[in-house]
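Student: A single structure is presented below for examination.
Nothing in this text is a laboratory measurement; each read-out follows from the coordinates by a stated rule. Just so we're clear, the structure is a prediction, and the values are computed from it rather than from any experiment. Cβ: placed from backbone, ideal geometry, glycine included. Neighbour counts: every protein chain shown.
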Amino acid sequence: MKRALTDLAVFGGPAAFLRPLLVGMPTVGDRARFLARLEWALDNEWLTNGGPLATELEGRIADITGVRHAVATCNATAALQLVLRASGVTGQVIMPSLTFAATPHAASWVGLEPVFCDVDPVTGCLDPARVEELITPATGAILGVHLWGRAAPVAELEMLAAEHGVKLFFDAAHAFGCTFGGRSIGGFGDAEVFSFHATKTVMAFEGGAVTTDDGELAERLVALRNFGIDRNKSVTAVGMNAKMSEASAAMGLTSLDAFEETRERNRDNHALYRSELHGVPGIEVLPFDERERNNHQYVILLTDRAVTGLHRDRLRTLLQAEKVFPRLYFSPPCHLMPVYRTDPPLRLEHTERLSERVLALPTGPSVSFEDIRRVCSIVRLAAERGEQIDAMWAQAVPA
Ligand code: T4K
């Protein structure tokens with residue numbers, strides 16, 4: 001454990017880890033089972049285009065999320081595009097800016113205009129009061145994000161959407177296996193979209209799924225993900241190729257088999273981060289709502305420079321020198337990215353404040369409790385001696 005400032009790698013000490021400790025290390029599950037599924041797909045000589053493994057995965061996703069239809073896709077970005085297109089949304093889509101670029105990109109790619117909305121300062125999810133202010137006749141949809149696996153304000157957004165006659169979707173890329181009001185995420189709004197990217201709790205190398213109870217929407221999605229070919233084999237829409245391959249489905253099923261174990265491990269990791277950093281001034285590991293189920297995939301550290309004396313980016317650099325690689329999920333927020341920045345820039349107070357403070361920390365089954373204690377000892381040292389570190393930094397750390 002690091003106790004003195006000279007123990008820190010930025011000041012010449014040995015790095016705390018030999019192998020890099022990353023956010024989003026893949027949760028593969030039983031490798032032999034994956035390889036057996038892959039062999040089976042090869043023997044079956046059906047490798048994509050709605051194959052049996054992808055169909056099995058869809059069935060399991062629908063069961064787990066409690067919806068009638070799950071439509072598997074090659075990734076969540078394409079799934080978001082499909083759902084917006086298949087729902088006939090036009091005009092503007094209100095969404096948070098505190099999200100991955102994929103959320104506004106999906107809308108932009110199908111010719112819609114993302115309208116960025118501020119978030120609740122505590123949850124980081126859409127603030128319904130701010131959403132309501134942004135609704136105009138040009139609004140086609142609201143796209144909530146269940147940020148870090150914590151549910152967006154589903155009930156309020158459902159009310160707003162109904163009242164104003166606009167569609168409601170959720171980007172549930174982070175939220176597989178999570179609940180809202182005890183009900184599985186996946187069944188809210190008109191449709192929800194999951195990601196099964198390599199960095200997610202359940203992963204399929206690349207993959208995604210739309211979940212919905214709307215049978216007609218599901219049918220349009222199935223056609224649109226396959227060039228617009230409908231059930232009569234007629235091309236009735238301008239579709240794309242967004243199908244999930246059997247190799248991805250084999251991975252997704254295997255990772256899904258391990259989901260409960262992954263979830264429990266993530267939950268214990270999160271609890272350890274919370275207890276190890278409890279009471280450290282200027283440092284908060286975001287809690288989860290104990291009444292809800294979560295996948296605990298995102299361990300979110302919020303730093304307060306006014307208290308620690310150390311800028312978030314400096315803490316990140318300091319951790320990187322120890323071979324710990326936190327991620328900026330999400331900083332900068334989308335409305336300040338060059339592609340979406342306006343002149344003068346839009347100001348979203350709570351989004352920007354959270355975005356300046358956030359660091360996502362490594363978790364998952366390959367991160368040991370000992371690893372976490374070690375990471376926390378570095379964070380604690382940095383937070384408690386932030387001003388001294390800042391003063392030493394200019395002299396000791398190469399530009
Ligand atoms: N909506 C939201 C709210 C999202 O967060 C995302 C994606 C989407 C929509 C779109 O979903 P997809 O279309 O991707 O299904 C990563 C992921 O690529 C992206 O899927 C994810 N969110 C985003 C939050 O993170 P980057 O740019 O941070 O990826 P990269 O390559 O820098 O790696 C991230 C971390 O994971 C690093 O610590 C390294 C580690 N990693 C990564 C890969 C690929 C591994 O350890 N092994 C791996 O195989 O975007």
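Student: Could I get the Rg over Rh figure for region 240-333? Both from C-alpha atoms, Rh via Kirkwood, rounded to two places. Kindly include the intermediate steps, with their values, before the conclusion.
Tutor: Numbers: Rg = 17.4 Å, Rh = 16.1 Å.
Rounded to two decimals, Rg/Rh equals 1.08.
Student: Just want the ordering: MET240, MET1, MET95, from fewest to most Cβ atoms lying within 10 Å of their own Cβ.
Tutor: MET1, MET240, MET95
Student: Place the peptides 104-116, 62-74 in order of packing, highest mean first, counting for every residue the other Cβ atoms within 10 Å and averaging per peptide.
Tutor: Those peptides, ordered most packed to least, come out 62-74, 104-116.
Student: Mind sorting GLU246, GLU264 by how few other Cβ atoms lie within 10 Å of their own Cβ, fewest first?
Tutor: GLU264, GLU246
Student: What Kirkwood hydrodynamic radius do you get for the chain when you take the inverse of the mean 1/r over all pairs of distinct Cα atoms, in Å?
Tutor: Hydrodynamic radius (Kirkwood, Cα pairs) of the chain is 22.0 Å.
Student: Hey, another quick one. When only C-alpha pairs under 8 Å and at least 6 residues apart count, what is the relative contact order of the chain, in percent?
Tutor: The normalised contact order for the chain reaches 23 percent.
Student: Something else about it: Using the alpha-carbon atoms, what tilt in degrees (0 to 90, nearest 10) does helix 386-396 show relative to the longest principal axis of the chain?
Tutor: 80
Student: Moving to a separate point now. Taking the alpha-carbon distance from LYS2 and a cut-off under 18 Å, which lysines remain once sequence neighbours fewer than 8 residues away in the same chain are dropped?
Tutor: LYS323
Student: Just need the relative contact order of region 1-89 here, percent rounded to a whole number, with Cα pairs under 8 Å and 6+ apart.
Tutor: On the way: 25 pairs, mean separation 8.9, N = 89.
Computed over region 1-89, the figure is 10 percent.
Student: Take the alpha carbon atoms of region 47-90, find their center, do the same for region 291-322, and report the distance between the two centers in whole angstrom.
Tutor: First find each Cα centre; the distance between them is then 33 Å.
Student: Then there is this: Rank ALA155, PHE288, VAL10 by how far each Cα sits towards the positive end of the charge dipole of the chain (+1 on Lys, Arg Cβ; -1 on Asp, Glu Cβ) and give me just the farthest.
Tutor: Selected residue: VAL10.
Student: To the nearest Å, what is the center-to-center distance of region 360-393 and region 94-163, using C-alpha atoms only?
Tutor: If we compute the Cα centre of each part, the gap is 33 Å.
Student: What is the ratio of the Cα radius of gyration of region 38-189 to 2.2 N^0.38 Å, with N the residue count, to two decimals? Walk me through the numbers on the way to the answer.
Tutor: Values: Rg = 16.5 Å, N = 152, 2.2 N^0.38 = 14.8 Å.
Cα Rg divided by the expected 2.2 N^0.38 Å: 1.11.
Student: HN-Hα J couplings of region 216-228 from phi, Karplus 6.51/-1.76/1.60, θ = phi - 60°, integer Hz, Gly and Pro as x?
Tutor: Using θ = phi - 60°, the values come out as 5, 4, 4, 5, 5, 5, 4, 6, 5, 6, 10, 6, x Hz.
Student: Only four residue types carry charge here, +1 at the Cβ of Lys and Arg and -1 at the Cβ of Asp and Glu. Report the dipole size of the chain about the Cα centre in Debye, rounded to the nearest 20. Walk me through the numbers on the way to the answer.
Tutor: Working: 39 positive and 49 negative charges, 210 e Å.
With Lys and Arg at +1 and Asp and Glu at -1, about 1000 debye.
Student: Convert each backbone phi in region 48-59 into a coupling constant with the Karplus relation 6.51 cos²θ - 1.76 cosθ + 1.60 (shift: θ = phi - 60°), then list the ³J(HN,Hα) values in order as whole Hz, x for Gly and Pro.
Tutor: 7, 6, x, x, x, 6, 5, 5, 4, 4, 4, x
Student: Something else now. So which lysines pass the test for LYS167, namely a Cα distance under 30 Å, with those fewer than 8 places away in the same chain ruled out?
Tutor: Straight-line reach from LYS167, under 30 Å: LYS200, LYS233, LYS243.
Student: Just rank ARG3, ARG357, ARG37, fewest to most, by other beta-carbon atoms within 10 angstrom.
Tutor: Listed from fewest to most nearby Cβ atoms, that is ARG3, ARG357, ARG37.
Student: Among rounded, prolate and oblate, which fits region 56-127 when a ≥ b ≥ c are the square roots of the eigenvalues of its C-alpha gyration tensor, a/c under 1.5 means rounded, and a/b larger than b/c means prolate?
Tutor: Here region 56-127 falls in the oblate category.
Student: Restricting the count to DSSP beta bridges whose residues both fall in the chain, what percent are antiparallel, rounded to a multiple of 5?
Tutor: Here the share of antiparallel DSSP bridges comes out near 55 percent.
Student: Can you check what the Kirkwood hydrodynamic radius comes to for region 298-399, Cα pairs only, in Å to one decimal?
Tutor: Final number for the Kirkwood radius of region 298-399 is 15.0 Å.
Student: Skipping prolines and chain starts, which residues have an amide H placed within reach, meaning under 5 Å, of the one on SER97, given they are 5 or more residues away or on another chain?
Tutor: Amide H to amide H, under 5 Å and 5 or more residues apart or across chains, SER97 pairs with CYS117.
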